[in-house]
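Presented below is the structure to which this report refers.
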Amino acid sequence: MIQPIAIEIYTDGSSKGNPGNGGFAYIIRMNGVIYKFAQGELTTTNNRMELSAVIAALNAIKSIDIDSKLEYIITIYSDSKYVTEAINKNWLFSWVRRGFFNIKNSDLWSQFFLLVAPLMLQTNVKMDFRWIKGHSGIKYNDMVDGLAKSACGKQGVIMNYYFEEPLNEKC
């Protein structure tokens, strides 16, 4: 039996003021490679940045050619219950049925839905949204937090690169 392909995504958003200068970031770990991305905005809210981080990460992985003969486990870690509970408590699907009527950040939630729904419908892809406590010593969560904060108020893409993960490094 072939091991499932694991794709780990750590996301975080930050704003200095609510609204205020904001930034979001993601780290994707897959096949020994780490992808890092951070982007800033001038006026936003923390919830918009948390959601923007997940949207950007899902956009980054949508170019992966999902082989129907292989299994994939995509785990998204976020310290935002706003993001994780939207999936885990089925809020998102209720909002879709209502056409996102009277939902804050409906522009972002509709983008999120268009990215996550095709993945969730594939029988060989398992999506797992996990809430993790922020600032709790989890290596990649702390790293993505720092990236998001460093991007606050800096308009546009701040960082976009990847590198090989050392073989002996464990999460």
Taking region 46-72 only, how many residues are of a type in the set (S, T, N, Q) and either in contact (Cβ under 8 Å) with a residue 60 or more places away in the chain or in a helix (DSSP H, G or I) (or both)? 4
Here the residues within region 48-76 that are among the polar types (S, T, N, Q) and crowded, with 18+ Cβ neighbours inside 10 Å are 52
Regarding residue 75, is this residue of a type outside the set (A, V, I, L, M), part of a helix (DSSP H, G or I), farther than 21 Å from residue 158 by Cα and in contact with a Lys or Arg (Cβ under 7 Å, 6 or more places away or on another chain)? no
For residue 39, only one of the following conditions fails: (1) surrounded by fewer than 19 Cβ atoms within 10 Å (Cβ to Cβ); (2) farther than 23 Å from residue 128 by Cβ; (3) in contact (Cβ under 8 Å) with a residue 12 or more places away in the chain; (4) in contact with a Phe, Trp or Tyr (Cβ under 7 Å, 6 or more places away or on another chain). What is its number? (1)
Consider only pairs whose beta carbons are under 9 Å apart and that are at least six residues apart or on different chains; among these, list those whose first residue lies in region 142-159 and is in contact (Cβ under 8 Å) with a residue 24 or more places away in the chain and whose second residue is surrounded by fewer than 17 Cβ atoms within 10 Å (Cβ to Cβ) and of a type in the set (A, V, I, L, M, F, W, C). 147/159; 150/159; 151/157; 151/159; 153/42; 154/42; 155/42
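Read-outs throughout are calculated quantities, based only on the coordinates presented, and are distinct from any laboratory measurement. Computed from a predicted model, the values in this text were never measured in an experiment. Every residue, glycine among them, receives a Cβ derived from its backbone with ideal geometry; neighbour counts consider all protein chains shown.
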